[in-house]
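The values are calculated or read from the model by the stated rules, or taken from the named source; none is laboratory data. Note that the coordinates shown come from a computational prediction; the quantities given were computed from them, not determined experimentally. All Cβ positions, glycine included, derive from the backbone under ideal geometry; neighbour counts span all protein chains shown.
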Amino acid sequence: MEMPKRKRTRLKWYDYSSNGAYFITICTKDRKELLSKIATNNENKCADNQLTMYGKIAKIQIEELENRYKNVKVDKYVIMPNHIHLLISIDNQAVGASPNPTISDIICTLKSIVTRLCHTQGLKDRYLFQSSFHDHIIRGEKDYIKIWEYIDTNVIKWEYDCFYNA
């Protein structure tokens, strides 16, 4: 049986290690709600996002990205029940002439470390995250602000999110 070919998710012509800002979405495998629990109150426009043990591991490792990669800054992030949104900036002038990691390198490392640490805390599934991730190259200040606000309000709008499982 011939396996279906995966659709290319990255732009063929783009250098994903170049300076700029990127909006990244990482989903859990089968969209299982393993990272947090959200209790929303839409009347008051508030929500309580309680990270699970796995979500706390992800939080620590997201915050460690800037130490792991000196040219990477995590500008904003949110850990949702079954996905993570990241707003990442790359500034290669901040480091030397050594090879610069691509967005794929950075996200692959993050997913690998988080999964390995979650296994030490009882995660039974082989994979915590789905095999790929979604990226969006930020194309200017308006785009950046729109994504910042989306991440900032994602928890409040959880019940309307495309990743929400009723």
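For region 54-76, a residue qualifies if it is surrounded by 15 or more Cβ atoms within 10 Å (Cβ to Cβ) and among the polar types (S, T, N, Q), and the qualifying residues are Gln61, Asn71.
Selection of region 102-136 for residues being acidic (Asp, Glu) and at pLDDT 95 or above yields an empty set. For region 151-162, the criterion of being part of a helix (DSSP H, G or I) and among the charged types (D, E, K, R) is met by at least one residue.
Within region 120-135, the set of residues being exposed (fewer than 13 other Cβ atoms within 10 Å of the Cβ) and more than 16 Å from the chain's Cα centre (by Cα) comprises Thr120, Gln121, Gly122, Lys124, Arg126. Here Tyr160 meets each of (1) surrounded by 13 or more Cβ atoms within 10 Å (Cβ to Cβ); (2) closer than 17 Å to Thr25 by Cα with one exception, condition (1). Among the criteria (1) more than 25 Å from Cys162 (Cα to Cα); (2) in contact (Cβ under 8 Å) with a residue 24 or more places away in the chain; (3) among the basic types (Lys, Arg); (4) not in a loop (DSSP other than H, G, I, E, B), the one Arg116 does not fulfil is (2).
Scan Thr115, Thr153 and give me the residue that is within 17 Å of Leu35 (Cβ to Cβ) and out of contact with any helix residue (DSSP H, G or I) (no Cβ under 7 Å at 6 or more places or on another chain). Please lay out each step first, then the result.
Details: Thr153 fails: within 17 Å of Leu35 (Cβ to Cβ).
Unique residue meeting the criteria: Thr115.
What residue, of Tyr144, Tyr164, is farther than 18 Å from Ile62 by Cβ and without any contact (Cβ under 8 Å) to a residue 40 or more places away in the chain? Spell out the reasoning first.
Numbers: Tyr144 fails: without any contact (Cβ under 8 Å) to a residue 40 or more places away in the chain.
One residue alone meets the criteria, Tyr164.
Among the residues of region 75-101, those identified as of a type in the set (Val, Ile, Thr) and either within 21 Å of Trp158 (Cβ to Cβ) or at pLDDT below 90 (or both) are Val78, Ile79, Ile84, Val95.
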